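Below: the structure, in structure tokens.
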Amino acid sequence: MKTTLLVLAVLAAGACTANTSEQESDSATLGRSAPVEAPNSQGRPMKNPTELASETALSRSIVLLSGGRERTLWISDDVVVEFQPDSAGRDALLRSDAAAEELGQPQKGVRLWRVAAGLGTDSFARNASLDAPRFSAVLHETQSPRSPMLAPKGGVIATFPSTWTRAQVDTWLAARGLSVSAALVEGVNMVRIDTAPGLEAIELANRLVESGELVDCEPDLWREASKR
């Protein structure tokens, strides 16, 4: 009888050890597979914009005239970019949409937000920039919201004919209410013209190209870091 009780006790102890090992194994597996999300500036986990993007094709676009050809860029339905982000920018955006969500991305100097933009992200960005110009609608290379992102960060790069003097360049720009923020290439009439961030920079660049007097003109664009 004593021998039988001893055997049963050994078997029970072995079963407990096996159950504990299985639980530890399951916990370790769960720990490896559970995603860890970094907190955003609001203290909530940040989500990857590409993973969150829907499959619905974008319907609004803007044409960029560059290099002698037309290029169609597609306007995000719900993502805007904040340049030189800070607490004042966050507060301004949250005044426009208290439920806006910051999205994770690795590049410094920009912050992406998912917003409710009933009138379009371009209008949303303009309204959020009333205190200071810092927001732009996000654009995509294709109609897919998962395609690479870009946005006008402010300023257009204009190349004038080499025969023009700097005085001619300044006079031409002043007549259109524009000014040069920087000369970009010494000995070449390539200058950066001041503009606020946003789609207005693309529209200005297109107008200057259509004047027929410039060699080329295009907006200064932020581009999403390559996923490669």
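The values are calculated or read from the model by the stated rules, or taken from the named source; none is laboratory data. Everything numeric in this text was worked out from a predicted model, so none of it was measured. Using ideal geometry, Cβ is built from the backbone for each residue, glycine included, and neighbour counts are taken over all protein chains shown.
Key figures
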read-out: Close pairs (7 angstrom Cβ cut-off, 6 or more residues apart or separate chains): farther than 13 Å from GLN105 by Cβ in segment 79-93, modelled with pLDDT of 95 or more and among the acidic types (Asp, Glu) anywhere; value: GLY89/GLU82; LEU93/GLU82
read-out: Residue satisfying condition, being under 12 Å from PRO197 (Cα atoms) and either at pLDDT below 95 or assigned to a helix (DSSP H, G or I) (or both), within set ARG95, ARG90, ARG126; value: ARG126
read-out: Hits in segment 53-70 (condition: among the acidic types (Asp, Glu) and at pLDDT 85 or above); value: GLU70
read-out: Only one of ALA205, ALA196, ALA201 that is outside the structural domain of VAL110 (by TED's automatic domain parsing), outside any helix (DSSP H, G or I) and of a type in the set (A, V, I, L, M, F, W, C); value: ALA196
read-out: ALA132 vs. criteria outside any strand (DSSP E or B) and either of a type in the set (D, E, K, R) or more than 21 Å from GLU200 (Cβ to Cβ) (or both); value: no
read-out: For THR142: the one exception among (1) in a loop (DSSP other than H, G, I, E, B); (2) surrounded by 15 or more Cβ atoms within 10 Å (Cβ to Cβ); (3) at pLDDT 95 or above; (4) not acidic (Asp, Glu); value: (2)
read-out: Conditions (1) more than 30 Å from ALA57 (Cβ to Cβ); (2) at pLDDT 95 or above; (3) of a type outside the set (Ser, Thr, Tyr); number of the one not met by GLY212; value: (2)
read-out: Selected residue (criterion: farthest from ARG71 (Cα to Cα)) from residues of segment 129-139 that are buried (at least 18 other Cβ atoms within 10 Å of the Cβ) and of a type in the set (A, V, I, L, M, F, W, C); value: PHE135
read-out: Identity of the residue in segment 62-114, of a type in the set (Asp, Glu) and farther than 16 Å from ASN127 by Cβ, that ends up surrounded by the fewest Cβ atoms within 10 Å (Cβ to Cβ); value: GLU70
read-out: Boolean, LEU119 is assigned to a loop (DSSP other than H, G, I, E, B), surrounded by fewer than 22 Cβ atoms within 10 Å (Cβ to Cβ), aliphatic (A, V, I, L, M) and modelled with pLDDT under 95; value: yes
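Yes/no matrix, rows are residues, columns are (1) polar (S, T, N, Q); (2) part of a loop (DSSP other than H, G, I, E, B); (3) without any contact (Cβ under 8 Å) to a residue 60 or more places away in the chain:
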| site | (1), (2), (3) |
| --- | --- |
| PRO161 | no, yes, yes |
| GLN168 | yes, no, yes |
| GLU186 | no, yes, yes |
| VAL209 | no, no, no |
| LEU214 | no, yes, yes |
| PRO219 | no, no, no |
| ALA225 | no, yes, no |
